[in-house]
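The values are calculated or read from the model by the stated rules, or taken from the named source; none is laboratory data. Here the structure is a predicted model, which is why all the values come from computation and not from measurement. Cβ placement follows ideal geometry from the backbone for every residue including glycine, while neighbour counts extend to all protein chains displayed. Side chains are part of the model used for accessible areas, which takes the heavy atoms of the whole protein and leaves out ligands, DNA and RNA. Shrake-Rupley method; radii C 1.70, N 1.55, O 1.52, S 1.80 Å.
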Amino acid sequence: MNILVCISKSPDTTSKISFTDGNTKFDENGVQYIVNPYDEWYALVRALELKETIGGNVTIIAVGPAADESIIRKALAIGADKAVRIDAEPTDAYFVAAQIAAYAKENNFDLILTGKETINYNGSQVGGMIAEHLELPYVSLASKLDVAGTTVTLEQEIVGGLQVVEVSTPVVISCAKGMAEQRIPNMRGIMAARTKPLDVVPVVALELYTNYQTYSLPEAKKACTLIDASNMDQLVELLHNEAKVI
Amino acid sequence: MKTLVYINKNHFSAKASFEAVTYAKKLGGEVIVVTNGDATGAEALGAYGAAKVLVDTTIAEADSQQLTRLIATAAEMTGAEAIVFSHDLVAKSVAPRLSVRLKAGLISGAIALPETAQGFSCKVNVFSGKAFATVAVNTSIKIISLLPNSIQPENIGGTAVVENFDGKAGASVIKIVATKKPEGSIPLPEAELVVSAGRGLKGPENWGMVEDLANVLGAATACSRPVADIGWRPHHEHVGQTGVAIRPNLYIAAGISGAIQHLAGVNGSKVIVVINSDAEAPFFKAADYGVVGDAFEVIPKLTEALKKFKNAN
């Protein structure tokens, strides 16, 4: 089984979010980057579990500048066999998906896995876009993934419930909670990651469909109104007359 | 601009669908709903501005590839310049495919109408609700996936004309083996009122009072991540950064301290009420109303007060 896992960097979940250059750029000052949790905890770890049980290869791919190699090495330390970095600043989901699809087209993968979304852009776009570029089926928001031969069985979230589906490889899957448990890289993994292959692939030129112009932060909340625990009638009255939500 | 709105046949009377059609209407041109399977009930979407409903009755359940082909066919047929989705699980699998197929820029998770004075740009949620971005679309066709509860649906009266069409959806390569639907609950992402509880409730056996409160309000129930992880509540109720992100009008949280990862999933809520015995809980900083007290006493009192209010109004 040849598996491609798409990873993205994202700021640590506790990062303070702020912007610079007239609110046109994310302020990276003091920000610690991590592998996007959905890509790491679910997509990558499940890919490694499949490799361990049925054999195969796990390649990780990221679109980003040389500075992103630290998070790529972390994914290698968790256990991926090799990595590919497409040498470009990612501008939007369409750009990232087109780059990954161009690489995947030239290399045969049975499974292409992404996280369900990144925690910085929350778009849930890259997986579906890769699938359309490659004209492959796409199973989004999968919480279980099993493989028997060329048959892939998945459990996925649907509106108001879950469904179990079967599809043949090759297929693109976006991975959500439930698929696997987070793995912490051990010292052996970290040492091995240093010498694992990391190919740098040049960018494919393309037209940009969207661009992120400016950013803003939500308005600061006004101080919380405290209500005495014995006076729930007052809370109900405030929710009705002041907040007007009931 | 002439706008297509994709709506699933089970959602013709859902508030999120009314919002999507209202949004499309406000883009200023003719609004055409596209669906598949069965259009019974879809004519009512005319009240929110849809002139026409295009239905391909030959295909009941469609996967993302089929829906992409079907909507692309409708877009080509009508010459639509914009395609609107409600940002649900279907939109998340279909809109990105459609973007590639139609060479149309996608705005995912829009929270407002576009700015069209110079080009076409729209505000979206980013950084898990901790910030907003303005995204411009450079392509002639625009695709917008609208977050629920972002605009107020406007009933302007009227009915839509239903027409059959051939969506050329092709065959599915995905086989549905089983479907599991939890009974009777309000889907969390669409709920306007949500009652949520965390580890402060001490055990799954204490959720009765949370459900009582939710029932009196007509609210959906939710929980924090630890509660879902230890199995007190099902995973689909977990709201937060790695669970469901919600933006209801009212979010009541009891026994949840308000870690930054939890806030990321609920900070789009219009009004937040926090009930916690620890006056130092970080959640109070994000709350509009706070009650410092024991959830086991406060929740039943709040339920009683709400009952009294409901009976009097």
Report, in whole Å, the centroid distance computed from the Cα atoms of the stretch A:22-66 and the stretch B:195-224. 35 Å
Of all beta bridges DSSP finds with both residues in chain B, what is the antiparallel percent, to the nearest 5? 15 percent
Share of the protein assembly as shown's accessible area from carbon and sulfur, percent, 1.4 Å? 50 percent
The stretch A:68-186: C-alpha pair distances exceeding 18 Å, %: 57 percent
Calculate, axis by axis, the spread of Cα positions in chain B along the three principal axes, and write the results as whole Å, longest axis first. 60, 44, 42
Relative contact order of the stretch A:108-246 (C-alpha contacts under 8 Å, at least 6 apart) in percent is 20 percent
Within the protein assembly as shown, what percent of beta bridges assigned by DSSP are antiparallel, to the nearest 5? 35 percent
Over all Cα pairs of chain A, how is the pair count split among 5 Å bins, expressed in % and running from 0 up to the last occupied bin? 1, 6, 12, 16, 17, 13, 10, 8, 5, 4, 4, 3, 1, 0
Mind checking which of B:A75, B:A169, B:A60 has the largest fluctuation in a GNM of chain B, springs on alpha carbons under 10 Å? B:A60
Over the Cα atoms of the stretch B:2-164, what Rg and Dmax result, in angstrom? 14.5, 43
May I have the pair-distance distribution P(r) for the stretch B:115-194, computed from all Cα-Cα distances with 10 Å bins from 0 and rounded to whole percent? 10, 22, 32, 33, 4
Charges only on Cβ, +1 for Lys and Arg, -1 for Asp and Glu: so what's the dipole of chain A about the Cα centre, in debye to the nearest 20? 680 debye
Summarise the long-distance tail of P(r) for the protein assembly as shown by giving the % of C-alpha pairs beyond 29 Å. 54 percent
The set of residues whose placed amide H lies less than 5 Å from the amide H of A:V5, leaving out same-chain residues fewer than 5 positions away, is A:T59, A:I60, A:I61, A:L113
Dimensionless Rg ratio for the stretch B:186-227, taking C-alpha atoms and the 2.2 N^0.38 Å reference: 1.11
Comparing A:K144, A:K221, A:K16 in a Gaussian network model of chain A (Cα, 10 Å), the one with the largest mean-square fluctuation is A:K221
Tally Lys and Arg at +1 and Asp and Glu at -1 over the other residues with C-beta under 11 Å from the C-beta of B:V55: what net charge comes out? -3
If Lys and Arg each add +1 and Asp and Glu each add -1, what is the summed charge of the other residues whose beta carbon sits under 9 Å from the beta carbon of A:D81? +3
Would you compute, from DSSP H runs of 4+ residues alone, the mean residue ellipticity of chain A at 222 nm, taking -39500 (n - 2.57) per run and dividing by the full residue count, rounded to the nearest 500? -7000 deg cm²/dmol
Tell me the mean residue ellipticity at 222 nm calculated for chain B from its helices only (DSSP H runs of n ≥ 4, each -39500 (n - 2.57), averaged over every residue, nearest 500). -8000 deg cm²/dmol
Beta bridges per DSSP with both ends in the stretch A:1-128, % antiparallel, nearest 5: 30 percent
GNM top mover of A:A223, A:A205, A:A47 - chain A, alpha-carbon springs below 10 Å: A:A223
Let me confirm one metric for peptide B:241-251, namely the mean number of other chain beta-carbon atoms within 10 Å of its residues' beta-carbons. 3
Chain pair A, B: total accessible area buried, heavy atoms, 1.4 Å probe, Å²: 6700 Å²
Expressed as a fraction of 2.2 N^0.38 Å, the rule-of-thumb size for a compact globular protein of N residues, what is the C-alpha radius of gyration of the stretch A:1-142? 1.03
Tell me, Kirkwood radius of the stretch B:188-312 from alpha-carbon pair distances, in Å? 14.0 Å
Roughly what angle does helix B:208-217 make with the longest principal axis of chain B, taking Cα atoms, 0 to 90 degrees, to the nearest 10? 50 degrees
Order by protection proxy (mean Cβ within 10 Å, highest first), peptides A:49-58, B:284-293: B:284-293, A:49-58
Answer with one residue from A:V5, A:S143, A:I130: the one whose Cα lies farthest towards the positive end of the charge dipole of the stretch A:1-144, charges on Cβ with Lys, Arg +1 and Asp, Glu -1. A:S143
Per-residue counts of other Cβ atoms within 10 Å, averaged by peptide: what ranking do you get for A:120-128, B:87-95, A:32-40, highest first? A:120-128, B:87-95, A:32-40
